[in-house]
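Take a look at the structure set out below.
The values are calculated or read from the model by the stated rules, or taken from the named source; none is laboratory data. Keep in mind that this is a model prediction, so the values were computed, not measured. With ideal geometry, Cβ positions are generated from the backbone for all residues, glycine too; neighbour counts draw on all protein chains shown. For accessibility, only protein heavy atoms count, side chains too; no ligands or nucleic acids. Shrake-Rupley method; radii C 1.70, N 1.55, O 1.52, S 1.80 Å.
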Amino acid sequence: MRAAITRLLATGCLAAVIAILGGCGSSDSAAPASAGDSGSTAAGFVDWPMFGRVPARTHYLAAEKRALDPPLRQAWSINTHALIEFPPAIHGGVAYVINKYGNGKAVRLRDGKVLWELNVRPSDKGKPNFVTGPVYYRGAVYGAFLTGNLVAGDSNTGKKLWVRHLDGHLESSPLAVDGTLYLGTDTTDVVALRASDGKTRWSFNAPGAIKASPSYHDGKLFVADYQSSMFALDAKTGKAVWRTNTSKVPPYGRGGFFSSPAIAFGRVYAARDDGTVYAFDEKTGKVEWSFDAGDYVYGSPAVAQVPGTPPSVYIGAENGRFFALDARTGKPRWHYEVGGPIPGTATVIGDTVYTSSFKTQETTGLDARSGTRVFHIEEAGYTPMVSDGKRLFVVGYYDLIGLEPAKR
C-alpha cells in the first residue's frame, strides 16, 4: 500500500494557479450530516481539528447561503518544502500543518503568517518519516509517524510534551475524544491512550493490520482492518460490540480497508481497497448495501446531506471516476470523470464537493447536487480542501493556499 502511494508522489511540486469559475445552485441553507458538528470558536471560526473534521469523520462542513462556495480567489500561499500527505489540524483560526519530515508550522489563517514552528518531529536522522493526520486537542497537537512514534506538542510554543513509541508502523490518524487518543498500528492493535501523557488505557487486537483511522460516534469506536473486517468497539473498554468480516458476505472478495469509516444516518460507510464501498448498520454491523467503484479505492468517504440532495456518500477511485452515491441505497446519483487516479479523500464544504488527482495536477470543485464542475485550481493533494468557516484552504503537494470568497 505504501508503495502504491509513493508511486503517486512522483509528480513533484505543482504550481498554484487559480481558475475561478462561478458557482451554481440555490441559496438554501446547508445542514450538517447526522454524525454531528463541532461548534464555532473564537471570532466565529469553525474548527477542523482532525482528519475528517468531526469524530465521526464525515469530512463535511455546512455553510449558510453559499457563503463558502465558489467563486473563490487566492489570498495567500506558503510552501512547506515537502509533501503534505494529510490536511492540517485547524483550531481557532490557526492551522497546524506537518509535512512528511515532521516539520510543523502554526499558520494564522487570516493572512498566512507563520506564528511558530512546531517541534513534533521525533529523532529520525533527517529521513522522510511520513506523518498521519495531525489532531488538535485541548492545547496540544498530536502527530503519529510511520516509525511508530506518537508525539504531542504544545500548540502555543511548539515545545514537545511527550513521545510514545508504539510497536509497529503508524498509518492511522489519531482521534481525540473525552481525554483519550485512539489509533491503530500495523501490528494489528487498536490502542486507547491517555491524551495528557500517552499512557495506555486499553488495547484491542484485530486479525489484520490497522491502516485506516478509527472513527467515533455514540460511545463506540469504529475501525477496519486490512483483512476485510469492520469492528465496533466500546470506546471506554475496547470490548468488541460487533464484527463484520466482509470476505464472508456478498459480494465477498478479500480487499483490505485503507479507507477510514464515516458514520452518519445510522450507518457506517467505508471502502475496501479493491473498490467495494460498504454501508453497515451502525448498531448491528449488517451490510446494508455495497457498490463497486470499478477500481482501487484508497480514500475515505465524505458523507453529507446538502440541501436539495438526499443523504449522500462522495468517494473516488483509481479509474478517475468520482461518485455521489445515495447513502440510503448505494445507487449512484451522478459520477464525474476527474481525468486521472483519485488517491485520497474528498471533502464537502457548503454546497461543493472537492476532489483531486496528481495526474491532472488539479483540485476540482463539483456542485454536490448535479456533479457540475464549479471550481478548479492547478494544485493537487490527497485531501485537497479544508475550511475554518470563513475561508477555504487548498492542501497541495507542498503548499497550503488560502482562498476567500470572491465578490459575486
Next on the checklist: Cβ contacts < 9 Å: first residue more than 14 Å from D178 (Cα to Cα), restricted to segment 130-141; second residue in a strand (DSSP E or B) and of a type in the set (S, T, Y), any location; separation 6+ or different chain. Result?
Outcome noted: P134/Y96; P134/Y142; V141/Y96
Checklist entry - Quick check: is even one residue across segment 163-174 under 29 Å from S247 (Cα atoms), in a strand (DSSP E or B) and at pLDDT 95 or above? => result no
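Does R254 satisfy being under 18 Å from K220 (Cβ atoms) and open to solvent by 30 Å² or more (accessible area, probe 1.4 Å)?
No.
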Checklist outcome for this item: Subset of segment 172-201, residues of a type outside the set (S, T, N, Q) and open to solvent by 20 Å² or more (accessible area, probe 1.4 Å), comes to D178, D186, D189, R194, D197, K199, R201
Checklist entry - Between residues in segment 148-162 that are β-branched (V, I, T) and residues that are open to solvent by 40 Å² or more (accessible area, probe 1.4 Å), which pairs lie under 6 Å by C-beta distance while being six or more apart or on different chains? => result V151/V163
Next on the checklist: Take the residues in segment 372-381 that are open to solvent by 10 Å² or more (accessible area, probe 1.4 Å) and not acidic (D, E); name whichever of them is farthest from P70 (Cα to Cα).
Outcome noted: T372
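Residue-wise test of (1) among the hydroxyl-bearing types (S, T, Y); (2) modelled with pLDDT of 95 or more.
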residue: A232; (1), (2): no, yes
residue: A235; (1), (2): no, yes
residue: K248; (1), (2): no, no
residue: P251; (1), (2): no, no
residue: A271; (1), (2): no, yes
residue: Y278; (1), (2): yes, yes
Item to check | Candidates G316, G344, G340, G330 - the one that is more than 18 Å from A270 (Cβ to Cβ) and either under 20 Å from the mean Cα position of the chain (by Cα) or at pLDDT 95 or above (or both) | outcome: G340
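Could you please let me know if T244 is under 27 Å from T185 (Cβ atoms), part of a strand (DSSP E or B) and of a type outside the set (G, A, S)?
Against the criterion (under 27 Å from T185 (Cβ atoms), part of a strand (DSSP E or B) and of a type outside the set (G, A, S)), T244 qualifies.
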Checklist entry - Could you list, in sequence order, the residues of segment 224-241 that are assigned to a strand (DSSP E or B) and open to solvent by 30 Å² or more (accessible area, probe 1.4 Å)? => result D234, A240, V241
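Every residue in segment 347-365 that is more than 17 Å from I84 (Cβ to Cβ) and either of a type in the set (G, A, S) or open to solvent by 10 Å² or more (accessible area, probe 1.4 Å) (or both), please.
As a first pass, look at segment 347-365 and keep what is more than 17 Å from I84 (Cβ to Cβ): 348-353, 359-360, 364-365.
Scanning segment 347-365 gives G350, K359, T360, G365.
Every residue in segment 270-284 that is at negative phi and in a loop (DSSP other than H, G, I, E, B), please. Please lay out each step first, then the result.
Within segment 270-284, the subset at negative phi is 270-274, 276-284.
Residues satisfying the conditions are D273, D274, E282, K283, T284.
Of the residues in segment 175-223, how many are part of a strand (DSSP E or B) and in contact (Cβ under 8 Å) with a residue 12 or more places away in the chain?
Looking only at that region, the number is 26.
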Checklist entry - Of all the residues that make up segment 379-388, how many are modelled with pLDDT under 95 and farther than 22 Å from S259 by Cα? => result 1
Checklist outcome for this item: Selection over segment 331-344 where residues are closer than 14 Å to T309 by Cα and either open to solvent by less than 50 Å² (accessible area, probe 1.4 Å) or not in a strand (DSSP E or B) (or both) yields a count of 2
Checklist entry - Does segment 385-408 hold any residues that are within 18 Å of G104 (Cα to Cα) and either of a type in the set (D, E) or touching a strand residue (DSSP E or B) at 6+ places or on another chain (Cβ under 6 Å) (or both), and which are they? => result V386, F393, V394, Y398, D399, L400, I401, G402
Checklist entry - Taking segment 297-310, which residues are within 21 Å of S356 (Cα to Cα) and either without any contact (Cβ under 8 Å) to a residue 24 or more places away in the chain or aliphatic (A, V, I, L, M) (or both)? => result V297, A302, V303, A304, V306
Item to check | Top-ranked residue in segment 285-326 [being in a strand (DSSP E or B) and closer than 17 Å to T246 by Cα; ranked as least open to solvent (accessible area, probe 1.4 Å)] | outcome: W289
Checklist outcome for this item: Reported set for segment 360-408 where residues are closer than 23 Å to G44 by Cβ, part of a loop (DSSP other than H, G, I, E, B) and of a type in the set (D, E) is D388
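Condition check: among the acidic types (D, E), under 24 Å from N99 (Cβ atoms), in contact with a Gly (Cβ under 9 Å, 6 or more places away or on another chain) and at pLDDT below 95. Does D154 satisfy that?
Working: among the acidic types (D, E): yes; under 24 Å from N99 (Cβ atoms): yes; in contact with a Gly (Cβ under 9 Å, 6 or more places away or on another chain): yes; at pLDDT below 95: yes.
In short, yes.
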Item to check | Positions within segment 311-352 being small (G, A, S) and in contact (Cβ under 8 Å) with a residue 24 or more places away in the chain, in sequence order | outcome: S312, G316, A317, G320, A324, A327, G330, G344, A346, G350
